[in-house]
Amino acid sequence: MSEISPVHVIGGGLAGSEAAWQLATAGVPVVLHEMRPERGTEAHQTSGLAELVCSNSFRSDDAEANAVGVLHEEMRRLGSVIMRSADAHKVPAGSALAVDRNHFSAAVEKALTEHPLVTVERGEINGLPPEEWDSAIVATGPLTAPGLSEAIGKLSGQDSLAFFDAIAPIVHKESIDFNVAWFQSRYDKVGPEGDGKDYINCPMDEAQYEAFIDALLSAEKMEFREWEKDTPYFDGCMPIEVMAERGRETLRFGPMKPVGLTDPRTGTRAHAVVQLRQDNALGTLYNIVGFQTKMRYGAQVEVFRTIPGLEKAEFARLGGIHRNTFINSPTLLDGTLRMKALPRLRFAGQITGVEGYVESSAIGLLAGRFAAAERLGREISLPPRTTALGALLSHITGDADAETFQPMNVNFGLFPPVEPEITPNGKRRKLKGRDRKAAMAGRALRDLDGWITGVRAAAE
């Protein structure tokens, strides 16, 4: 058998790391290019592969009734290095899957650097990949180097779209006043590695909440450059002060909703509650849930220390903001994530218009598998539309309206409808609510298992 040429993966984030892993475990050599530490970004703090920057949460791990939980399970069944590392380094987070950032990144990097078919090269690819790279995956994420971003824009004949991601602050646990704050998960819900007391809660009465809103609205914000001013936010990372601008009650029905929580000092529900979620395995750091912000650092310290229980808070990291770019995938990519104008290039991760760590990793997983099958001369098999992977892939490569294309988390709205249930008297009953979600989740995992079996049989 002739020697297999390597596939080049540009970007060592979650998507690029997953793509490289899928290629290597399929027996295809891979060169993983990461520009850090030679060139840093506005959001990253380390040079580690698969560094988490916006949050440490992979969101719900419920594979029976939540679309992202289904995606978790599908990726586990396909040997995902991202999910393997997340599971190995999870921290308490109620029913969500959250991880120790540093240990997670180190585990992914260790798996890749120790694999004999993976070569990691540090340095910026500042333009289109060289022509001699006949198979390359662009997984540069939301912070694509300007030269490469410009080259992609010229090749596609379209301008890249863009929005802003904001980063939430992290607090040292020892600086929190537990005479005021208490541990409790919403509705005392117990999740993986948790005990129903996985969040630190800081209560506010009505007067404190109103004063907090005033402080948010009047705080000094970062100024945008002229060309950035019309760039929209993705709702999943909306800065807290921008939410407050939408209405004084917005936060009470968003990240500061008090439902399912009882202040042990009063035995009642507070007017509003600020929640903090464990950010590392040691339990020494907690991030303020939903508190992404574009306030200046001095303003952040002043405003966040008005929160009861955080009056003396010490911050391991303050919030920040960075520009995020993505391509119009429904127009530019084919069904296997290849760029129509230059098929030797595939795209993966957030740059394709998926939003979220897990979704980015999932598209990296698919790009890696597709590139491996292509390199090995095998037919590329797409995951069924009924799976979370298939639904997400279909959305970004054709289902979404190219005219209004925006970043999207995985959700059951992307899945094909389930058939109505036949009742004992022969009538058709349309499934709703949790029953509908459970039916979609069960179908997804059954169909994924059938797809995996078929792909393995074809490779033998």
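Within a Cβ distance under 10 Å of ALA65, other residues only, what is the Lys/Arg minus Asp/Glu net charge?
Value of the local net charge: 0.
Quantify, in whole percent, the carbon and sulfur part of the accessible surface of the chain (1.4 Å probe; protein heavy atoms only).
Answer for the chain is 49 percent, counting heavy atoms of protein chains only.
What spacing in nm lies between the two simple spin-label points modelled at ARG378 and PHE253, each 7 Å away from Cα in the Cβ direction?
5.0 nm
Please list, in chain and number order, the residues 5+ apart from VAL120 or on another chain whose amide H is under 5 Å from its amide H, with Hs placed from the backbone.
LEU32
May I ask you to list the lysines whose Cα is less than 16 Å away from that of LYS221, ignoring any residue fewer than eight positions away on the same chain?
Counting by Cα, and skipping residues close in sequence, LYS221 has these lysines nearby: LYS229, LYS294.
Straight-line reach from LYS110: which aspartates and glutamates have Cα under 18 Å away, leaving out those fewer than 8 places along the same chain?
Result set, ordered by chain and number: GLU18, GLU34, GLU51, ASP87, ASP100, GLU121.
Taking the Cβ of PHE370 as the center, what net charge do the other residues with Cβ under 9 Å away carry, scoring Lys and Arg +1 and Asp and Glu -1?
Numbers: positive: ARG338, ARG346, ARG369; negative: GLU374.
Taking every other residue near PHE370 into account, the sum is +2.
Quick check: net charge around ARG248, other residues with Cβ under 13 Å of its Cβ, Lys/Arg +1 and Asp/Glu -1?
Working: positive: ARG246, ARG252; negative: GLU206, GLU210, ASP214, GLU241, GLU245, GLU249.
Around ARG248, the charge tally is -4.
Say the cut-off is 21 Å between C-alpha atoms; which of LYS90/LYS173; LYS90/LYS432; LYS90/LYS257; LYS197/LYS257 go over it? Could the numbers behind the result be given before it?
On the way: LYS90/LYS173 18 Å; LYS90/LYS432 32 Å; LYS90/LYS257 25 Å; LYS197/LYS257 17 Å.
Flagged as over cut-off: LYS90/LYS432; LYS90/LYS257.
Just order 372-382, 389-399, 349-359 by mean Cβ neighbour count inside 10 Å, highest at the front, would you? Please list the in-between numbers first.
On the way: 372-382: 15.2, 389-399: 22.5, 349-359: 27.1.
Put in order of decreasing packing, that is 349-359, 389-399, 372-382.
Once R0 is set to 22 Å, what does the formula 1/(1 + (r/R0)^6) return for the Cβ-Cβ distance between LEU155 and ARG122, expressed as a FRET efficiency to the nearest 0.05? It would help to have the intermediate numbers written out before the result.
On the way: r = 25 Å, r/R0 = 1.15.
Working from the Cβ atoms, E equals 0.30.
Which order do peptides 262-269, 442-449 fall in by mean Cβ count within 10 Å, highest first? Write out the running numbers ahead of the final one.
On the way: 262-269: 12.1, 442-449: 18.1.
Most protected by this proxy first, the peptides run 442-449, 262-269.
With the other protein chains left in place, how much accessible area per residue, in square angstrom, belongs to segment 314-355 at a 1.4 angstrom probe? All intermediate terms of the calculation are to be shown ahead of the outcome.
On the way: 1090 Å² over 42 residues.
Averaged over the residues of segment 314-355, the accessible area is 26 Å².
So, R0 is 30 Å and r is the distance between the beta-carbons of ALA459 and GLU64; what FRET efficiency does that work out to, to 0.05? Write down the numbers at each step before the final one.
Numbers: r = 30 Å, r/R0 = 1.01.
FRET efficiency, ALA459 to GLU64: 0.50.
Say the dipole of the chain comes from +1 at the beta carbon of Lys and Arg and -1 at that of Asp and Glu; which of PHE178, THR387, GLY433 then lies farthest toward its positive end?
Of the options given, the answer is GLY433.
Can you figure out the FRET efficiency of ASP177 with LEU431, using R₀ = 41 Å and their beta-carbon distance, to the nearest 0.05?
On the way: r = 47 Å, r/R0 = 1.15.
The pair ASP177/LEU431 has a calculated efficiency of 0.30.
Enumerate by residue number the GluC sites (Glu not before Pro) in segment 101-150 meeting two conditions: DSSP loop (anything except H, G, I, E, B), and at most 11 other Cβ atoms within 10 Å of the site's Cβ.
When the GluC sites (Glu not before Pro) of segment 101-150 are filtered for loop state and at most 11 Cβ neighbours within 10 Å, GLU114, GLU131, GLU132 remain.
Taking amide H positions as placed 1.01 Å from N in the peptide plane, with prolines and chain starts having none, which residues 5 or more places from LYS221, or on another chain, fall under 5 Å of its amide H?
ARG296
Between ASP205 and ASP188, what is the label-to-label distance in nm when each label sits 7 Å out along the Cα-to-Cβ direction?
Those two pseudo-labels are separated by 2.7 nm.
Taking the mean number of other Cβ atoms within 10 Å as a proxy for protection, how do you rank 404-415, 166-177 from highest to lowest? Intermediate values should be presented prior to the final figure.
Working: 404-415: 17.6, 166-177: 19.2.
By packing density, highest mean first, the sequence is 166-177, 404-415.
Just tell me which aspartates and glutamates come within less than 16 Å, Cα to Cα, of LYS427; anything on the same chain fewer than 8 places away is out.
GLU419
The values are calculated or read from the model by the stated rules, or taken from the named source; none is laboratory data. Bear in mind that the values here come from a model prediction, so they are computed numbers and not experimental data. Here the Cβ is made from the backbone with ideal geometry for all residues, glycine too, and neighbour counts use every protein chain on show. Only protein heavy atoms, including side chains, enter the accessible area calculation; ligands, DNA and RNA are left aside. Shrake-Rupley method; radii C 1.70, N 1.55, O 1.52, S 1.80 Å.
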